[in-house]
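The values are calculated or read from the model by the stated rules, or taken from the named source; none is laboratory data. Just so it is clear, the structure is predicted and the values come from calculations on it, not from any experiment. For neighbour counting, all protein chains shown are included, and Cβ atoms are generated from backbone atoms with ideal geometry for every residue, glycine included.
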Amino acid sequence: MTSTAEVECPRCGQGPVRRFRVVVSQEELIVCDECDAAWSLGASASAGFVDLETGLRARGLKKGRDELTKSSLSAQEPGTSTTGLGVLLGGYLHQDWPYDYGTVWDGVQAFVTGEGMAQVLAARLDVRWLISRGLNENALRTVLVDELGTGYWPPGDGYTIFEWLDRLAVRLREAELPPTTLLQA
Ligand SMILES: [Zn+2]
């Protein structure tokens, strides 16, 4: 069973995915608790999942989950501009986003297409975590605008920030990459 802060695995649809770091390299991975599918946050947009054991062995690591530590983001906490929601807000929905995209959702789709599944999963974890914290609008504004650098202002589209995050979570789930991309190793 997944709580509101959790994101289900797009491979098996069962387990929640979590963030980990490979201890020796600090590479950040998103791993399914249930089926061991793993996505690298450093991988190209077209990369699919690999089996965790296989992925670690390819890196010369043989001790399975013992090679991992929970991400410093405590598995879900956002606050970095270089992964997930930070990439979407700072890299796509930045100050000049209206010059690049017709609507904010076009910008979200460009993020999905351009960054791939690992970053989409990271963004979903960030959004679910933010929603689950019960922050007021001021606190949400601080995270999105001041910390993650977005120039998008949800009230301009008639949403509270909370409402927009809720819609964003749905959009990111629906905007997943085609199955062919998921199936490649
Ligand atoms: Zn899974």
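Any chance you could count how many residues in segment 102-134 are touching a residue at least 24 places away in the same chain (Cβ under 8 Å) and on the phi > 0 side of the Ramachandran plot? Step through it out loud before you land on a result.
Residues of segment 102-134 that are touching a residue at least 24 places away in the same chain (Cβ under 8 Å), as a first pass: 104-105, 107-109, 111-132.
From what is left, the residues that are on the phi > 0 side of the Ramachandran plot are 116.
Total meeting the criteria: 1.
Taking Arg21 and the conditions (1) within 11 Å of the ligand (Cβ to nearest atom); (2) modelled with pLDDT under 95, which numbered condition does it fall short on, given that it satisfies the others?
In the conditions (1) within 11 Å of the ligand (Cβ to nearest atom); (2) modelled with pLDDT under 95, Arg21 misses (1) alone.
Could you look through segment 24-42, keep only residues that are within 8 Å of the ligand (Cβ to nearest atom) and not acidic (Asp, Glu), and pick out the one that is nearest to Thr69 (Cα to Cα)? Break it down stepwise before answering.
Quick first cut of segment 24-42, residues within 8 Å of the ligand (Cβ to nearest atom) only: 32-37.
So of that shortlist, the ones also not acidic (Asp, Glu) come out as 32, 35, 37.
Details: Cys32: 14, Cys35: 18, Ala37: 16 Å.
So the residue we want is Cys32.
Does Tyr101 satisfy being crowded, with 22+ Cβ neighbours inside 10 Å, hydroxyl-bearing (Ser, Thr, Tyr) and at pLDDT 95 or above?
Working: crowded, with 22+ Cβ neighbours inside 10 Å: no; hydroxyl-bearing (Ser, Thr, Tyr): yes; at pLDDT 95 or above: yes.
No; evaluated as a whole, the condition is false for this residue.
Is it the case that some residue within segment 3-14 is of a type in the set (Lys, Arg) and away from the ligand (no atom under 16 Å from the Cβ)? Steps first, please.
Just the residues of segment 3-14 that are of a type in the set (Lys, Arg), to begin with: 11.
After this cut, where a residue has to be away from the ligand (no atom under 16 Å from the Cβ) as well, the list is none.
Checking segment 3-14: not a single residue is of a type in the set (Lys, Arg) and away from the ligand (no atom under 16 Å from the Cβ).
Cβ contacts < 9 Å: first residue over 20 Å from Ser81 (Cα atoms) and without any contact (Cβ under 8 Å) to a residue 24 or more places away in the chain, restricted to segment 135-164; second residue outside any loop (DSSP other than H, G, I, E, B) and of a type in the set (Asp, Glu), any location; separation 6+ or different chain. Result?
As it stands, the answer is Pro155/Glu137; Tyr159/Asp166; Thr160/Glu137, since those pairs meet every condition given.
Taking helices (runs of 4 or more DSSP H) that fall entirely within segment 60-159, which contain at least 2 residues that are closer than 17 Å to Arg19 by Cβ?
Numbers: elements: 97-100, 104-115, 117-132, 137-141.
By residue number, 117-132.
Yes or no, residue by residue, for (1) under 30 Å from Asp51 (Cα atoms); (2) among the hydrophobic types (A, V, I, L, M, F, W, C); (3) modelled with pLDDT of 90 or more:
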residue: Leu148; (1), (2), (3): no, yes, yes
residue: Gly151; (1), (2), (3): no, no, yes
residue: Glu174; (1), (2), (3): yes, no, no
residue: Leu182; (1), (2), (3): yes, yes, no
residue: Ala185; (1), (2), (3): yes, yes, no
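Residue by residue through segment 10-40, note down the ones that are of a type in the set (A, V, I, L, M, F, W, C) and either part of a strand (DSSP E or B) or within 19 Å of Val127 (Cβ to Cβ) (or both). Let's see the steps before the verdict.
First pass over segment 10-40, keeping only residues of a type in the set (A, V, I, L, M, F, W, C): 12, 17, 20, 22-24, 29-32, 35, 37-39.
Hits for segment 10-40 are Val17, Phe20, Val22, Leu29, Ile30, Val31, Cys32, Ala37, Ala38, Trp39.
Suppose we keep only residues that are within 17 Å of Asp126 (Cα to Cα) and touching a residue at least 12 places away in the same chain (Cβ under 8 Å) within segment 43-75. Which one would you say is farthest from the ligand (Cβ to nearest atom)?
Of all residues in segment 43-75, those within 17 Å of Asp126 (Cα to Cα) come to 70-75.
Okay, now just the ones that are also touching a residue at least 12 places away in the same chain (Cβ under 8 Å), so 70-73, 75.
Working: Lys70: 18, Ser71: 18, Ser72: 23, Leu73: 20, Ala75: 15 Å.
Among them, the one singled out is Ser72.
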